[in-house]
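Written out below as structure tokens is the structure these notes cover.
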Amino acid sequence: MSLKNRKEQRVVRHQRIRRRIGGGTPERPRMAIFVSNRYMYVQFIDDEAGNTLASASTLKGGWKCNLEGAKALGEAAAQAAQAKGIKTVVVDRAGYKFHGRVKTIVETAVAAGLAISAKTEEA
């Protein structure tokens, strides 16, 4: 099967990533990140129940879709997760490279108190 464009390639990468990380649980939800040209979104998803536990976006916060907005979104997402009692997450980068805005969101969320692995939580 020949992939036609970048969007289809990202979808295939996302499916490969989802197979590898598995689903989110209530104890360790999936931190799903979506980045468009205009907005960025973060959701904390319990895949077993099919529920979104917490979310944050630049649309709600009024930030721009750049690195400064990604930093503010990472902090807001960490606060929203901690308000719901979420401490540890598994990161779903949705087929995007772990670079730029995606990397800034994750690193800021970790700095704000979220753990992305059991090792980070114990340290």
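The values are calculated or read from the model by the stated rules, or taken from the named source; none is laboratory data. None of the values given here were measured: they were computed from a predicted structure. Here the Cβ is made from the backbone with ideal geometry for all residues, glycine too, and neighbour counts use every protein chain on show.
Close Cβ contacts (under 7 Å, 6 or more residues apart or on different chains) running from residues in region 90-105 that are on the phi > 0 side of the Ramachandran plot to residues that are β-branched (Val, Ile, Thr) and not in a loop (DSSP other than H, G, I, E, B) comprise Ala94/Ile33; Gly95/Val11; Gly95/Ile17.
Scanning region 54-80 for residues that are more than 13 Å from the chain's Cα centre (by Cα) and over 17 Å from Thr104 (Cα atoms) yields Leu59, Lys60, Gly62. Just one residue in the set Gly69, Gly62, Gly74 is without any contact (Cβ under 8 Å) to a residue 12 or more places away in the chain and not β-branched (Val, Ile, Thr); that residue is Gly62.
The combined condition, being at pLDDT 90 or above, surrounded by fewer than 19 Cβ atoms within 10 Å (Cβ to Cβ) and part of a loop (DSSP other than H, G, I, E, B), is fulfilled by Gly85. Per this entry, Ala94 is counted among residues that are in a loop (DSSP other than H, G, I, E, B), under 29 Å from Gln9 (Cα atoms), under 11 Å from the mean Cα position of the chain (by Cα) and not aromatic (Phe, Trp, Tyr). Out of all the residues in region 28-36, is one or more in a loop (DSSP other than H, G, I, E, B), touching a residue at least 12 places away in the same chain (Cβ under 8 Å) and in contact with a Cys (Cβ under 9 Å, 6 or more places away or on another chain)? Yes, there is a match, as at least one residue in region 28-36 is in a loop (DSSP other than H, G, I, E, B), touching a residue at least 12 places away in the same chain (Cβ under 8 Å) and in contact with a Cys (Cβ under 9 Å, 6 or more places away or on another chain). With the condition kept exactly as written, say whether any residue in region 44-66 is among the hydrophobic types (A, V, I, L, M, F, W, C), in a helix (DSSP H, G or I) and modelled with pLDDT of 90 or more. Checked region 44-66: at least one residue is among the hydrophobic types (A, V, I, L, M, F, W, C), in a helix (DSSP H, G or I) and modelled with pLDDT of 90 or more.
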